[in-house]
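These notes are about the structure you will find just below.
The values are calculated or read from the model by the stated rules, or taken from the named source; none is laboratory data. These numbers come from a predicted model, not from an experiment. Every residue, glycine as well, gets a Cβ built from its backbone with ideal geometry; the counts of neighbours run over all protein chains shown. Keep in mind that these areas ignore ligands, DNA and RNA; they rest on the heavy atoms of the full protein, side chains included. Shrake-Rupley method; radii C 1.70, N 1.55, O 1.52, S 1.80 Å.
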Amino acid sequence: MVKIRVMPTLLHKGMGLVKGIGFDSWRRTGSALQAIKVYNMRGVDELVFFDISASPDDEAPDYEQIDDLADECFMPMTVGGGIRTVEDIGKMLSVGADKVSINSQAVLDPGLIAGGAKNFGSQCIVVAIDAIRREDGGLEVLTHGGKRSTGLDPIEWAKRAAALGAGEILLTSIDRDGTFEGYDVALTAAVAEAVSVPVVASGGAGHYAHMADVLRNGGAAAVAAASIYHFTEQTPQEAKAYLAAEGFNVRL
Amino acid sequence: MSAVTIIDSGLSNIDSVARALEYCGADVVITRDPETVRTAGRLLLPGVGAFPVAMERLNALGLSDAIRDAVVRAERPILGICLGMQLLADTGHENETTLGLGLIKGDVRRLEKATPEERIPHMGWNTVEDQGGCPLLQDVPSGSDFYFVHSYYFAAVEEAVLATTPSYGGVPAIVGQGQVFGAQFHPEKSQTNGFQLLKNFLKA
């Protein structure tokens, strides 16, 4: 049986790594290369790397940087931020990304998902969905780092993305991001039920028990987290040991 | 030092495979020149992408014939990784039916769920079970995990299946016939076990 995955997320902005709350209030957390070297040694399952300055600022991805990081990264790495064309996906894969994550541009141009899947295979096309719970109780997809409204329902959008060829959905709850209050389990469960591709839960992990909750009750295939690794003593390794003790199928 | 020639069709990530091989002590050459492939001592065919697109590239660059010359005539060892493993097959059925390199009998089919909980693509770490004396798994503890990421699998002839992974009803994880080898998972991303597998290939 395929193991559940514990994935640290690295957010890169400008010159270094950052982490925020609800896609805002960014704090610097160190160097990407240093983090990757540490995660190599600790046998991390997989890494997510987002260049969060690329999309909102309409900047092109920094391929040279990814090339340098990928050279040091002996674990699978999903890279996102600023991907706009099929050629961008190809370039990102060629410098060493194992999977490419598309978010804002996939909403603007859903054909990018199909084009990426046709040329490179679904297995390397990740569609990242940032969702928010509106005051009226409805769910909505936001793009451009949570700044732009789309009118899309995350469950419907996930279904469409998977039908177009997305091989994985990386689902982030903007409400929970950086709060340490736990994943949005109901949101994750609704999306995981709607698609047959793996769903990665993201946003809100404050303790390993939150990971167990979204894996058990949210149908997630993997748990991504950033803040708890940056701002607490908790580590991906300990998370896996905890989850193994909880009965999950984990690679130790 | 063992030399390895990595076949660069222009579609795959060559860097991480090259780095992993160098880490394992190999002298790495990266090429898309058919003559260099023909005269190589040991070949590695990486692969991310879709079967038809990759075959079209290999054919257009004259690499398909060069690989067959090196492997069939000169009996040089080759290791295909992920899509590179699938390309060793006779035919592939991803998007459309396409002829492969025809180095190991069998065809490439879409994964099918064996249980309702399984998801496609097969993504993540999974156990690799040796079917008996797989040379690439020498010194790899039995039941070790490797990193998989694929939606299709190589339905190879039984005698060529050297190791399997238990999901999707048990699909081939390593195929091999003579000096031709393929790994469905990514050894270059599978840390200690993956590096051991690459070291074993360098001795093949």
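Brief remarks follow.
- Condition met for A:E233 (among the acidic types (D, E), farther than 16 Å from A:V2 by Cα and without any contact (Cβ under 8 Å) to a residue 24 or more places away in the chain): yes
- In the stretch A:39-52, the count of residues that are in contact with a strand residue (DSSP E or B) (Cβ under 8 Å, 6 or more places away or on another chain), of a type in the set (D, E) and either away from chain B (no Cβ under 14 Å) or farther than 15 Å from A:P236 by Cβ (or both) is one or more.
- Within the stretch A:235-252, considering residues that are of a type in the set (A, V, I, L, M, F, W, C) and open to solvent by less than 50 Å² (accessible area, probe 1.4 Å), the one nearest to the chain's Cα centre (by Cα): A:A239
- Top-ranked residue of the stretch A:79-94 - restricted to ones that are within 10 Å of chain B (Cβ to nearest Cβ) and surrounded by 22 or more Cβ atoms within 10 Å (Cβ to Cβ), ranked as nearest to B:V149 (Cα to Cα): A:L93
- Screening A:V6 on (1) closer than 29 Å to A:A245 by Cβ; (2) open to solvent by 10 Å² or more (accessible area, probe 1.4 Å) shows it passes everything except condition (2).
- Number of residues in the stretch B:142-192 that are of a type in the set (D, E, K, R) and in contact with a strand residue (DSSP E or B) (Cβ under 6 Å, 6 or more places away or on another chain): the value is 2.
- Exactly one residue among B:A173, B:A163 is more than 14 Å from chain A (Cβ to nearest Cβ), assigned to a strand (DSSP E or B), small (G, A, S) and within 18 Å of A:V2 (Cα to Cα), and that residue is B:A163.
- Verdict on A:D71 being within 12 Å of chain B (Cβ to nearest Cβ), modelled with pLDDT of 90 or more and over 24 Å from A:Q234 (Cβ atoms): no
- Exactly one residue among A:V100, A:V107 is modelled with pLDDT of 95 or more, within 12 Å of another protein chain (Cβ to nearest Cβ) and under 21 Å from A:T9 (Cβ atoms), and that residue is A:V100.
- Test: residue in the stretch B:145-153 that is of a type outside the set (D, E, K, R) and away from every other protein chain (no Cβ under 14 Å): no
- Qualifying positions in the stretch A:1-53 - closer than 22 Å to B:K189 by Cβ and among the acidic types (D, E): A:D45, A:E46, A:D51
- Within the stretch B:188-199, considering residues that are open to solvent by less than 10 Å² (accessible area, probe 1.4 Å) and modelled with pLDDT of 95 or more, the one nearest to the other protein chains (Cβ to nearest Cβ): B:G194
- All strands (runs of 3 or more DSSP E) inside the stretch B:12-126 with 1 or more residues being open to solvent by 20 Å² or more (accessible area, probe 1.4 Å): B:27-31, B:106-110
- Within the stretch B:93-126, restricting attention to residues that are more than 8 Å from every other protein chain (Cβ to nearest Cβ) and among the polar types (S, T, N, Q), the residue that is nearest to A:I4 (Cα to Cα) is B:T115.
- Restricting A:M1, A:M7 to residues that are within 12 Å of another protein chain (Cβ to nearest Cβ) and either part of a loop (DSSP other than H, G, I, E, B) or of a type outside the set (A, V, I, L, M, F, W, C) (or both) narrows the list to A:M1.
- Residue in the stretch B:52-60 that is free of Cβ contacts under 8 Å to residues at least 60 places away in the same chain, under 14 Å from the mean Cα position of the chain (by Cα) and within 11 Å of chain A (Cβ to nearest Cβ) present: yes
- Test: residue in the stretch A:102-122 that is free of Cβ contacts under 8 Å to residues at least 60 places away in the same chain, outside any strand (DSSP E or B), closer than 23 Å to B:D15 by Cβ and open to solvent by 40 Å² or more (accessible area, probe 1.4 Å): yes
- The condition of being in contact with a helix residue (DSSP H, G or I) (Cβ under 9 Å, 6 or more places away or on another chain) and within 22 Å of A:V18 (Cα to Cα) holds for only one of A:I129, A:I169, that being A:I129.
- Residue selected from the stretch A:41-58 under the condition in contact with a helix residue (DSSP H, G or I) (Cβ under 9 Å, 6 or more places away or on another chain) and open to solvent by 40 Å² or more (accessible area, probe 1.4 Å), by the criterion farthest from A:T172 (Cα to Cα): A:R42
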